[in-house]
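The values are calculated or read from the model by the stated rules, or taken from the named source; none is laboratory data. Since the model is a prediction, treat every value here as computed from it, not as a measurement. Cβ placement follows ideal geometry from the backbone for every residue including glycine, while neighbour counts extend to all protein chains displayed. The area values use the complete protein model at the heavy-atom level, side chains included, leaving out ligands, DNA and RNA. Shrake-Rupley method; radii C 1.70, N 1.55, O 1.52, S 1.80 Å.
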Amino acid sequence: MIKDWDEFSESLSIEIKKEIAENYFREKVYLEEKWNLFKEECDQLKKLYKRVFNNSWRIFFLLNKDEDLISAFEKATDFPLREVCILSKEIFSKEFTQPEETIKKKLFSNITSSFSLTTKSKFVKLFFTVYKRFNRVLEEYLLKLENLKKFYQELKEETKNFYKKFDLSYILSFFNRLSGEGLEIGAIEDKEKVWSSLSEALKIETPPPLDLIFKEFKPLPELGKVYQQLSLLAKKAYELYPENAKDILRHVY
């Protein structure tokens, strides 16, 4: 009878351990898959982030890096153009630390130029084309960033609840008691160190907060709201630097 009870007790102990372990790893895998999805979304956001920088540089080149023109653009749009161009070299150093002529050619070679009777009006139209593209990309970037921040907080909360539900050190200690192993104090301390190390090794890898990776900007005003200021700005950029304007127009198609 005692033998039968021991066998039943051991079998029950194995089943309990198995169920707890299966529940733990099932929920852990589920969470890790969600975090992997989040990382994939971050990769997509990074592409949008680069496009924000691309359009910042396009405006920067259209204004021929002129401090007064850049200040006027920043005042009209409340967008920190200088700061963003500097930041681009830190975030995407490979792309934006190349010679400026190389960057300029690459950025304008995929822009379509509108037909105009004069080079000046063609340049002004190009400026508007770039601005509208910039506005659209920035809006898309900010929306995706906002959604990913919410997703991040949800996943952090789910992960926190997972650790509350499955305290691995406690579970391993419970398994040990379930096995009926009698341990000396020193052995207990050694076991706890092993359990702590295992808990750390099995921790779900979570990325840093998005604020540490992606900068948030104010949205650009719609073109209609700043049309007059930008029109004057583009015309002035052409009048002050006609050779720069013609050089850029040679790159577009």
TODO: Restrict the check to the range 186-209 and report whether at least one residue is modelled with pLDDT under 90, basic (Lys, Arg) and either open to solvent by less than 90 Å² (accessible area, probe 1.4 Å) or within 28 Å of the chain's Cα centre (by Cα) (or both).
DONE: yes
Open item on the list: One residue is enough: does the range 123-144 have a residue meeting the conditions surrounded by 15 or more Cβ atoms within 10 Å (Cβ to Cβ), more than 12 Å from Leu62 (Cβ to Cβ), β-branched (Val, Ile, Thr) and in contact with a helix residue (DSSP H, G or I) (Cβ under 6 Å, 6 or more places away or on another chain)?
Closed with: yes
